[in-house]
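S.K.: One structure, pasted below without further comment.
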Amino acid sequence: MSKYSRFILFALGFLLIWSFLNPKTNEQSTDDVMLEGKTKFAIGKTVVINVKNNSNADLIIAAKCPKNPLNVEYYMNGEWTMIEAESTVCNKENIVIPPGKKHLINYAAWNQTLFDQKGKYRISLEQTIGETRKAFTKEIEVTAPGLFRILWVEGLYKPIFNTLIFLTSVIPGHSFGWAIIVLTFIIKLILLAPNQKALKAQKAMQKVQPQLDALKKKYKDNPQKLAEETMQIWKKYKVNPMSSCLPMLIQFPVLIALFYVVKDGLDFVNPQLLYSSLQSFDTSLIEPVFLGLIDLTKINVIALPIIVGLLQFGQMRLTLGKSIKNAATDSPMPMMNKTMIYFMPLLIAFFTASLPAAVGFYWGASTIFGIGQQIVVNKSKE
């Protein structure tokens with residue numbers, strides 16, 4: 001696979017992640033209060049509802065701890081039945097939502113009891129607006145998990161989630177940032193062999209690129225012959241262009257999983273997601289602020305994107321700098337490589353500034369490891 005193809009694959013992957021992590025919602029209302037969010041949840045997925053205050057005064061939601069926030073009803077035998085759950089981990093303070101603002105209601109602490117079976121549910125909030133008592137509701141449907149979700153949750157999300165929780169539980173101070181760094185190191189060790197192979201394949205591709213450019217000129221009017229000669233060169237120098245893509249593809253599900261770990265915060269964790277050995281750990285003890293500087297559960301729009309972008313720029317220079325310097329002046333690849341060196345860091349900085357800081361933090365830590373690995377490959381004589 002050419003560098004151009006890898007660049008397209010990388011960009012498309014990030015765009016897919018962006019659309020997957022930031023679904024659009026068309027909910028619009030002139031109600032004083034609106035309950036927003038998804039209308040379908042698979043069993044085991046944490047139900048979350050955004051309460052939006054469209055009124056002109058503060059909206060105060062009284063704390064019901066240890067009972068679940070807002071009222072929840074289950075539709076059974078043709079009628080709505082009130083259901084409740086209790087949790088020892090919940091917010092005991094009233095929720096105050098200023099005019100025009102939203103507040104996320106997270107049912108993680110009660111999810112396993114409230115939404116444990118298929119069917120229709122209704123979440124409601126009663127408030128006095130002016131002198132009128134009003135009820136604002138939202139209906140949701142809980143469905144059986146599909147095969148893809150089962151594979152995703154059991155095969156990827158839960159292992160990553162539980163590894164993070166375990167690391168956080170044993171690290172002094174329960175630092176989430178150090179847990180991400182250790183997780184990055186573990187993932188990089190697991191991917192060490194394929195990553196090393198990919199970097200060597202990329203280096204080999206740079207060596208044969210002048211020959212490939214010559215073939216493109218020689219057989220520009222004969223695509224079939226060009227493909228045959230290209231395959232011969234790959235075979236001769238034992239180059240597999242696809243091998244450099246696998247480690248990159250593996251990173252995407254890890255990033256998505258990490259996003260879902262932190263997107264709703266770490267105060268309330270759905271116990272269904274924890275392995276039995278970790279269910280005794282109090283997740284409210286997790287310290288999300290790394291070194292007192294950056295809250296990894298929040299979006300950081302300045303410092304972290306700049307740091308991650310610069311790290312990515314350094315890695316791209318190490319990866320493609322030599323190929324640009326040694327390339328033929330009439331080859332189209334140098335221009336493409338120069339575009340990648342400057343555009344890719346900007347693209348990654350943009351995504352870092354748009355997602356919870358933990359995602360960019362992981363990418364930055366992974367890039368530092370990658371820079372070290374690239375230096376070793378560049379110095380090798382193979």
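The values are calculated or read from the model by the stated rules, or taken from the named source; none is laboratory data. Since this is a predicted model, take the numbers as computed values, not measurements. Quick reminder, even Gly has a Cβ in these numbers, built from the backbone with ideal geometry, and neighbours come from all protein chains shown.
S.K.: Just a yes or no: is a residue in the range 242-255 part of a loop (DSSP other than H, G, I, E, B) and modelled with pLDDT under 70? Before you say what the answer is, go through the steps one by one.
M.R.: Step one: filter the range 242-255 for residues part of a loop (DSSP other than H, G, I, E, B), giving 245.
Next, from what is left, pick out any that are modelled with pLDDT under 70: 245.
The answer is yes, given that some residue of the range 242-255 is part of a loop (DSSP other than H, G, I, E, B) and modelled with pLDDT under 70.
S.K.: From (1) out of contact with any Ser or Thr (no Cβ under 6 Å at 6 or more places or on another chain); (2) over 14 Å from His174 (Cα atoms); (3) surrounded by 15 or more Cβ atoms within 10 Å (Cβ to Cβ); (4) modelled with pLDDT of 85 or more, pick out the condition that doesn't hold for Ser277.
M.R.: Here Ser277 clears every test but (3).
S.K.: With the requirement that a residue be free of Cβ contacts under 8 Å to residues at least 12 places away in the same chain and either among the basic types (Lys, Arg) or on the phi > 0 side of the Ramachandran plot (or both), what does the range 265-305 give you?
M.R.: Residue satisfying the conditions is Gly292 alone.
Here is a yes/no grid of residues against (1) on the phi > 0 side of the Ramachandran plot; (2) among the aliphatic types (A, V, I, L, M); (3) surrounded by 13 or more Cβ atoms within 10 Å (Cβ to Cβ); (4) at pLDDT below 90:
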residue: Phe14; (1), (2), (3), (4): no, no, yes, yes
residue: Trp18; (1), (2), (3), (4): no, no, yes, yes
residue: Thr25; (1), (2), (3), (4): no, no, no, yes
residue: Lys45; (1), (2), (3), (4): no, no, yes, yes
residue: Tyr75; (1), (2), (3), (4): no, no, yes, no
residue: Ile83; (1), (2), (3), (4): no, yes, yes, no
residue: Glu86; (1), (2), (3), (4): no, no, yes, yes
residue: Asn91; (1), (2), (3), (4): no, no, yes, yes
residue: Asn94; (1), (2), (3), (4): no, no, no, no
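S.K.: Tell me the residue from Thr163, Thr113 that is surrounded by 13 or more Cβ atoms within 10 Å (Cβ to Cβ), in contact with a helix residue (DSSP H, G or I) (Cβ under 9 Å, 6 or more places away or on another chain) and assigned to a helix (DSSP H, G or I), please.
M.R.: On the way: Thr113 fails: in contact with a helix residue (DSSP H, G or I) (Cβ under 9 Å, 6 or more places away or on another chain).
When all the criteria are applied, what remains is Thr163.
S.K.: Then there's this: Cβ contacts < 6 Å: first residue farther than 16 Å from Val142 by Cα, restricted to the range 67-90; second residue among the aromatic types (Phe, Trp, Tyr) and crowded, with 16+ Cβ neighbours inside 10 Å, any location; separation 6+ or different chain. Result?
M.R.: Asn68/Trp110; Ala85/Trp110; Ser87/Trp110
S.K.: (1) surrounded by 12 or more Cβ atoms within 10 Å (Cβ to Cβ); (2) farther than 30 Å from Met316 by Cα; (3) at pLDDT below 60: which one isn't true of Ser5, the others all being true?
M.R.: Only one criterion is unmet by Ser5, namely (2).
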